[in-house]
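**Q** Mind having a look at this structure? Questions to follow.
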Amino acid sequence: MQVEEARYLKRKVKFSSIDVHPTEKALVVNYELEATILGELGDPMLGERKECQKIIRVKSLNPGSDLTTLAKEIIDKCKLIHPSKLLEVEQLLYYLQSRKDSGPPSKASGKTQLQENPEVPTYDATEIDEVANINEVDDYMELLYEDVPEKIRGSALLLQLSRNPDNLEELFANETVIGALARVLREDWKKSTELATNIIYIFFCFSSFTQFHEKDNVKVKEDYEKSVKKFSELVKKQEQLLRVAFYLLLNLSEDLAVEMKMKNKNVVKMLVKCLERDNFELLILVVSFLKKLSIFIENKKEMSKENVISKLTKLIPCDHEDLLNITLRLLLNLSFDSELRSKIVKFGLLPKLVGLLNNENHKMIVLCILYHVSMDDKAKSMFTFTDCIPIAMKLLLESPEKTDIELLSLCINLASNKRNAQIICEGQGLKMLMKRAFKFRDPLLMKMVRNISQHDGPTKNLFVDYISDLAEAMLQADNDDFGVEALGILGNLTIPDLDYELIIREYELIPWIKRRLEPGSAEDDIVLDVIILVGTVCNDDACAKLLAESNIIHCLIELLNAKQEDDEMVCQIVYVFYQMIFHESTREVIIKDTQAPAYLIDLMHDKNAEIRKVCDNTLDIIAEFDPEWAKRIQLEKFRWHNSQWLDMIETRQMDEMADQYYGDEGYDPYLQDTDILDRPDLFYGDAYENGYIMDGHLTPEYIDENGMYDGQPYDGQPYEGQPYDAHGQPYMPYGYDGIDIQDGYEPYARPESNMGFIDERYGGTVDQYGRPIQQEYGMYQNGHGDEEDEYDFGYGGYDPR
């Protein structure tokens, strides 16, 4: 090369590694210097590469030094070290800080000698006289198979190579070297601390780079793939065997006796276990077998025990239409069980099933499953978190005149939930339902609308626009289902601002109501809906007065006599009385002109808790406004409590105690030898002796099962010894006041009704222990018509209507 041709000199520095000085408190920075001479056109003409070192002495390093600050200072001053090496510099400084100072190098030996220290490694690659060469790795590996000194020398040379990051990839690719180092460390780590330190240091160098954390062992990977392939072939053969075996059992199960034997051999458990497999043909066979077995309760319980629902979740939905169809049919059979229905919701199948409603191949089966799920009140609210209601409304409104019964049944159930009903009515939902219902006169669609009408809140007010249509449908229909549902909707419309009197007068409902309330004029369900309608319109004072003046109450009493065994109808009739008692205009009519209070007294002790509750609250209000009825009501309640006490006395074993109390001392005959009702001193106590018996009574009156009044036939006329009240009027049995007995009229009496007594020492009723009971009244209106409290029916706010 001619000197005059050289124009430029290019210098390039490449960082290699950084390490600690073997004897001094210093860091050694290894780097490569590459110098290139460029020609006139910039092309390289001559180049040379040289490995260099830079020593950074840290004489100020002491046990109290701040290593992080010192490391930053070193990096700032030495441009050869990249800032990303801060942590490595800090670790090397920590090593220098913890390493004890070594003495000056010996002039005679010319070698670097380190002081022995048992606490830190004292032997590493820096003690080796020779420089390691990457091309002699195999020779260094051979040293690992010799004695311990040779192993130490070989590991030290390999450590020298490992400290250079450029050598790590080549070393790591040599599986024999890595395996030999791991073996020596595992077997000889106790023999030499220096050997263990060198090998661990080598692995530490590899751990500094994430790509060396996991080894891509091709052989291991190949072995794994071979094992998987072999396992897959074995599973395939096994599934083929299972398929043939289950198919054989499925054919034999046509005989129920054989199927029972299979059940006893845990075939259900085996089939459910096979649902975890992925073979399409085997799954179809297994699900088909389970569907056949699921028609028996015993098998269904076994499937529930094996958690079959959770295993079916992966099959719904799936890409195989046949498998999906048979799985849905199995799920339909299982959905007849309430526990399994709850698991369908629990394991998240509800939104998956709703998503299949748009698939014509599975729509009908899915509708049946959803209908079963919607039967549970707890599950109804879960439909609000799916797209079921919008999809069902779309299918319903777009269907032809004859709508699928499965779809209508699902909608009817969904409408019985308040939140679902609100979603249904959003936008023009209710308007479109009413339009379709009247267009096709669909009674099931009207039943869905009726369920919507039963919910309080904004949805009920939406029905005000359809009252005329509903009233006409109710009047025109002759006991058909469509008219009955319209009647039920009107009965549900308890809207405070609705003018019921105008509706009754405009459509002349009173004659229609009276005809329907005649015993035998219509089916019981229709009569019950009419009574509910009467109870609804009685919320209005003017309507209640209009009905009372129309002799509706007498119609209800006659119906009460005819249907006394129908608890629901009795409860609704009593509720009508309860509603009318609130209004001053009808209160006097019920108390003075009808026998309704007498019937309510008889119903106080009915077996049905709802009837008792409504009767008690109605009688409390009657007693509040009429003192005469108040005495009768208190007397009946007291008699009821005493009759229970007397029954207890009569059933006790008195024979064993007779001699103890009476013996031969001439006492009166024992109670069992006389009529206990002739002994008023037993239950009146001091009141009997002091003359506190109510209104001059000496003994309480009663009507026996043969119609005897105090042991005498009662014909409605005064008899000898009959007691009289404070006004000089003879006491009459309940239900006989103002009735001509000779006409053959019998008072209404509920089964197992009982009489009781009253104790005026307390001025009111007493319990079975003789303690006074404080009266609590339900909701009523005062003389000015002001509402005070609200009466709540049944358990948890249940309305008997």
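**Q** For the condition under 21 Å from K305 (Cα atoms) and not assigned by the TED database to the domain that holds E169, what is the one hit in L252, L271, L282?
**A** It is L271.
**Q** Under 9 Å between Cβ atoms, at least 6 apart or on separate chains: pull out the pairs that start in region 262-285 with a residue that is closer than 15 Å to N299 by Cβ and end on any residue that is of a type in the set (G, A, S).
**A** Within 9 Å, the pairs are M262/S253; V267/S253.
**Q** May I ask you to say which residue of K346, K378, K394 is over 18 Å from N451 (Cβ atoms), within 26 Å of the chain's Cα centre (by Cα) and surrounded by fewer than 19 Cβ atoms within 10 Å (Cβ to Cβ)?
**A** On inspection, the qualifying residue turns out to be K346.
**Q** Take Y247 and tell me if it is of a type in the set (S, T, Y), modelled with pLDDT of 90 or more, in contact with a helix residue (DSSP H, G or I) (Cβ under 8 Å, 6 or more places away or on another chain) and under 30 Å from E146 (Cα atoms). Spell out the reasoning first.
**A** Numbers: of a type in the set (S, T, Y): yes; modelled with pLDDT of 90 or more: yes; in contact with a helix residue (DSSP H, G or I) (Cβ under 8 Å, 6 or more places away or on another chain): yes; under 30 Å from E146 (Cα atoms): no.
Here the answer is no, as Y247 does not meet what is asked.
**Q** Still on this structure, I have one more. Inspect all residues belonging to region 201-215 and state whether any of them is among the hydroxyl-bearing types (S, T, Y), in contact with an Asp or Glu (Cβ under 8 Å, 6 or more places away or on another chain), under 27 Å from L92 (Cβ atoms) and modelled with pLDDT of 90 or more.
**A** Checked against the condition, which is being among the hydroxyl-bearing types (S, T, Y), in contact with an Asp or Glu (Cβ under 8 Å, 6 or more places away or on another chain), under 27 Å from L92 (Cβ atoms) and modelled with pLDDT of 90 or more, region 201-215 yields at least one hit.
**Q** Please note which helices (runs of 4 or more DSSP H) are completely contained in region 133-218 and include at least 3 residues that are open to solvent by 60 Å² or more (accessible area, probe 1.4 Å) and more than 24 Å from I18 (Cβ to Cβ).
**A** Numbers: elements: 137-143, 148-162, 165-173, 175-188, 193-207.
Answer list for region 133-218: 137-143, 148-162, 175-188.
**Q** Go through region 520-537 and count every residue that is open to solvent by less than 70 Å² (accessible area, probe 1.4 Å) and either over 26 Å from T459 (Cβ atoms) or assigned to a loop (DSSP other than H, G, I, E, B) (or both).
**A** So the answer is 4.
**Q** What is the number of the single condition among (1) in contact (Cβ under 8 Å) with a residue 24 or more places away in the chain; (2) more than 60 Å from the chain's Cα centre (by Cα); (3) within 28 Å of K14 (Cβ to Cβ) that K151 does not meet?
**A** Against the list (1) in contact (Cβ under 8 Å) with a residue 24 or more places away in the chain; (2) more than 60 Å from the chain's Cα centre (by Cα); (3) within 28 Å of K14 (Cβ to Cβ), K151 comes up short only on (3).
**Q** Which condition number does L248 fail, the rest of (1) in a helix (DSSP H, G or I); (2) out of contact with any Leu (no Cβ under 6 Å at 6 or more places or on another chain); (3) surrounded by 11 or more Cβ atoms within 10 Å (Cβ to Cβ) being met?
**A** (3)
**Q** Another one. Taking E518 as meeting all but one of (1) farther than 20 Å from E501 by Cα; (2) in the same structural domain as W629 (by the TED database), write down the number of the exception.
**A** Here E518 clears every test but (2).
The values are calculated or read from the model by the stated rules, or taken from the named source; none is laboratory data. Small disclaimer: the values here were computed from a predicted structure and weren't measured. Positions of Cβ are backbone-derived with ideal geometry, glycine not excepted, and every protein chain shown enters the neighbour counts. The area values use the complete protein model at the heavy-atom level, side chains included, leaving out ligands, DNA and RNA. Shrake-Rupley method; radii C 1.70, N 1.55, O 1.52, S 1.80 Å.
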